[in-house]
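The values are calculated or read from the model by the stated rules, or taken from the named source; none is laboratory data. Remember, it's a predicted structure, so these values are computed and weren't measured experimentally. Note: ideal-geometry Cβ built from the backbone for every residue, glycine included; neighbour counts use all protein chains shown. Protein only, heavy atoms only, side chains kept; ligands, DNA and RNA dropped before computing areas. Shrake-Rupley method; radii C 1.70, N 1.55, O 1.52, S 1.80 Å.
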Number of protein chains: 2
Amino acid sequence: MLVVKKFGGSSVADKERIFNVANRCIEEYKAGNDVVVVLSAMGDTTDHLIGLANTINPKAKKRELDMLLTTGEQVSVSLMAMAMQALDVPAVSLNAFQVMMHSTSRYGNARFKRVDTERIQHELDSRKIVIVTGFQGVNKYDDITTLGRGGSDTTAVALAAALHADRCEIYTDVDGVYTADPRVVKNAKKLDTITYDEMLELASLGAKVLHNRSVEMAKKYNVELVVRSSLNRSEGTVVKEASKMEKLLVTGVAADSNTARISVIGVDDKPGIAFQIFDTLAKSYINVDIILQSVGREGTKDISFTVASEDLENALQVLDANKERLTIQKVTYNEDVAKLSIVGAGMMSNPGVAARMFEALYNSRVNINMISTSEIRITVLVAKNDIEKAMNAVHDGFGMAD
Amino acid sequence: MLVVKKFGGSSVADKERIFNVANRCIEEYKAGNDVVVVLSAMGDTTDHLIGLANTINPKAKKRELDMLLTTGEQVSVSLMAMAMQALDVPAVSLNAFQVMMHSTSRYGNARFKRVDTERIQHELDSRKIVIVTGFQGVNKYDDITTLGRGGSDTTAVALAAALHADRCEIYTDVDGVYTADPRVVKNAKKLDTITYDEMLELASLGAKVLHNRSVEMAKKYNVELVVRSSLNRSEGTVVKEASKMEKLLVTGVAADSNTARISVIGVDDKPGIAFQIFDTLAKSYINVDIILQSVGREGTKDISFTVASEDLENALQVLDANKERLTIQKVTYNEDVAKLSIVGAGMMSNPGVAARMFEALYNSRVNINMISTSEIRITVLVAKNDIEKAMNAVHDGFGMAD
C-alpha cells in the first residue's frame, strides 16, 4: 500500500515533534507500506522569512519572495530525513526541482499542472521513505513558485493523485472534521466521513481544517483524504465520494466572523446597474458574497452584499471613487456581522431544511439579516454578538450531537 | 564588459550590508557593464544550520546536510534581488538548479564539472543583475551538493570562466593580498599583483584570502581574479599569469600555526618502509606535509613529518595500531610548532634566497626545525613562540616593506 502523509509546520516545530512525526511515518513503513511524507516549513519560519523580506523591500517581487520562502520547507525535509536516518530507517528528502512539481507561472499563488513520479517511484522502489517539500512548485521558466497558504495540503493530494496512492492523510492539530467548532459548540461531534462537496463548503466557510484547493483536487482525482491528529491515534475523518456513504441531512455548521456588510443606497433602478457595481468591485479583486437587492424610494433600489473584513476599506474606497457613474446616493456598512452556515449533501432532496434552521434561530431570538443558499448549503448573516448562540441553536436544532 | 563579483557571508550579514553590496553592484551595472553576483549564506547561517542538524542527527548523511545548508545561499540571493529591486534596478536570483551548476557526486566536497550559461546569459541579455548562490552544485542524481568551505570563491571563478567574464572580483574584509599578515607584521604591504602560483602557495599556507581550488581553476581557465575589500574603495590585488608581470624575488611571507610535528623513531633502514608509513597514513585520510629523514642508531632511521593539528590524534592512533608492521620503535610528537613560508615566482631563477631567509632567522635567534622547498616556496618549521618574530625578521630581511 502507498500512503501519502502531510504534516503542517506546527508538527515539525522542534526536535521532539520532528521525531514524533518520524516515528509515526516509520510505523507505517515497518508495516510494509510505501510512505511519502509532505512537510511545511517549521513552526513560524514562513512568517519569519516574510518579516525578513519586509525589512529589505516591503514591495518585494513575488518571484523573489517565493525563492526566499521555499527554503523553509527544504530545511524541514532535510532535518526529517536526518531524524529518520538517526532511527536507522532509509529516507531521502526531495524539493520541487528534484520531484519536478510542474506548476503554473503565477508566483505566490501557483497551481500544479503536472507532477513527475519517476524520482519518487525510484526512491520508493529502493525502500526509502520519501520526504517532499510542500507548498512549492517549479514553473515553465524553471523558477520556484509557491501555492499560497495551506498549499502543502495541495502538494500532498497532487502527489497522492500522481502516484495513485491508496490514501492521503492530512495531519492537523484536531482529531478530524466536526459537526461544528468544538471550542464554540460543546457537544459538537466528530464526523467519521464527509463528502468532498460538503468539505468544500465547510472549508470555504472558514472551518480551516483543509485547504480548499486540495479538496477540489482530491475530488477531481478521487483521492481518499483522511483528516487526523498528529498528536493522538484517533481515526480521523475520511473525505470521499458521496455515493459511498449515506447522505446526511446536515453534516455540519460553520461560522465566519471575517465578514462585513455593505449597502449601496438609492441607485437607479435600471438594467445593468447591479452588474456595473459588482464588475467595478471585481476589477479591484474584491470578492463579493451574499447579495440582497431591495426596492428603494422613487424608482431607485438598494443593494446589500458582504465582503471579507480585510476588503472592506478597499471596497468603500472603490465605491466612493465611482459614486457618480454607479448612481450611488449613499453607502453604509456594518462590521458587526457574521455568517452562519449549515452544510449537508442530503439537503438537495429534502425540502424544509431552511425552515427548520430559521425556526431554531427564531427560538433563540437570533435575527437573520440576509440569506444565501447553494444546493447543499444555507448561509445566514447574523449579528456578530449572536454567532455562538446561533451555532449552538442550529447544532441542537438538527440534532447533530445525537 | 562582464564582471563577476563574489561577496562572502559577512558582507551580507544584515540589511545595511546587503544594501552596501547592492549599491556597489548597481554602480558597476550603471557603468554599462553586465554584472553577475555570487553570494555566500548570511553571517553565521551555515554554522547555525550545522548546529541544527547536529541536534537532530550528529551523524547526518552528507546528502541531507547539503540539502539543508544550501538553503542559506538561497536566502541571501533572494534578499539581494529584493534589495536591488528596492533600488529600482532589475535583478534576479538563481540557485544551482536554475543555473545548472553541474558538479561531481561527492556530497560536502563536490567539484564543478560544467556550468550551463544559457539562463544567466538570457537574464543578462534582458539587462538584469544576476545573483547566483555560491557554494552549491547539482550532481548527476539531481541532488544538491556543496563544495566545502570557501566554495563560493570557486563558484565565482567557475561562472567567470564559463561566461568568459572580463574580471572576477572576490570581495573580502581585507584590502587585498599582503606581503604578510598585517595583524602580525606591522609594515606589511599590499601587493598590486600576484601570480596564480604564488597565490596558490600562499592560500595553501594559510593566508586565508582565497580558496585554493578557486585559484587553481582561475589559473586553468586564465580568469583574472581581483581580491578587494567590500568595505572600502581600495583597488585590491590582481591575481594573474606570471608572464604579464615582473617576477618578484619574494612576494610574501605566510605563517601556519595549525600544524604538529610527528617523529617515528628507529624504523628498519630498508627500502619501502617510508612508503609504507605514508601509505598507511594516506589510507586514513591524513595529509602529511614537510618530511625529514635522518639516520638513526644501529641500522635504523628516524622519520619526521608534519600534519595538520586536527589530524594529530588520529595519526598517532594509526601509527600505534600499525607499530609492528611498520617496525616503529617509538613515536614522539610536538604541537608547539609553526610553519613559516616565503613565496615568490622569482625564486626559481635566483639562487641564494634560502640562505638569505636562514640568515634573517639566525640574526633573530629563531631556530629552524625542518625545511621544505618547492620551485617558488621555502618553508621552515619553527617553535610556535617564535613565529611572529620570525615573520617580521624574514619580512624585513627581504625588504618587503620597501
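Numbers at a glance
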| item | result |
| --- | --- |
| Area of B:Tyr171 that stays accessible when all protein chains are in place (1.4 Å probe, Å², to 10) | 10 |
| Heavy-atom SASA rank of A:Lys283, A:Lys339, A:Lys240, A:Lys208 (probe 1.4 Å, accessible area, largest first) | A:Lys208, A:Lys283, A:Lys240, A:Lys339 |
| Carbon plus sulfur fraction of accessible area for the protein assembly as shown, probe 1.4 Å, in percent | 46 |
| Using a 7 Å Cα-to-Cβ projection, B:Lys59 label spacings across copies, nm, ascending | 5.5 |
| Cα-based helix-to-principal-axis angle, A:15-30 vs chain A, degrees rounded to 10 | 70 |
| Part-to-part distance (alpha-carbon centres) for region B:47-97 and region B:149-182, which is given in Å | 20 |
| Accessible area in the full protein assembly, largest first, 1.4 Å probe, for B:Tyr107, A:Tyr333 | A:Tyr333, B:Tyr107 |
| Mean separation of Cα contacts under 8 Å (6+ apart) over length of region B:244-379, as relative contact order % | 37 |
| Part-to-part distance (alpha-carbon centres) for region B:315-339 and region B:211-229, which is given in Å | 37 |
| Span per principal axis, largest first, for the Cα atoms of the protein assembly as shown (Å) | 114, 63, 39 |
| Heavy-atom accessible surface that A and B bury in contact, both chains counted, 1.4 Å, Å² to 100 | 3200 |
| Pairwise FRET efficiency - A:Val295 versus A:Arg114, Cβ, R0 = 56 Å, nearest 0.05 | 0.60 |
| Bins of 5 Å, starting at 0 and running to the largest distance - Cα pair percent for region B:2-172 | 2, 10, 20, 23, 20, 14, 8, 3, 1, 0 |
| Length-normalised contact order for chain A - Cα pairs under 8 Å, 6+ apart - percent | 13 |
| Protein-only accessible surface order, largest first, of B:Lys128, B:Lys330 at 1.4 Å | B:Lys330, B:Lys128 |
| Using a 7 Å Cα-to-Cβ projection, A:Lys323 label spacings across copies, nm, ascending | 9.9 |
| For region A:2-172, size of Cβ-based charge dipole, Lys and Arg +1, Asp and Glu -1, in debye | 520 |
| Shortest-first distances to equivalent copies, position A:Asp396, nm, label 7 Å out along Cβ | 9.8 |
| For q = 0.13, 0.14 Å⁻¹, Debye-computed log10 I/I(0) when each Cα of chain A counts as one equal scatterer | -1.15, -1.25 |
| For the protein assembly as shown, accessible area per residue (1.4 Å probe, heavy atoms of protein chains only), Å² | 44 |
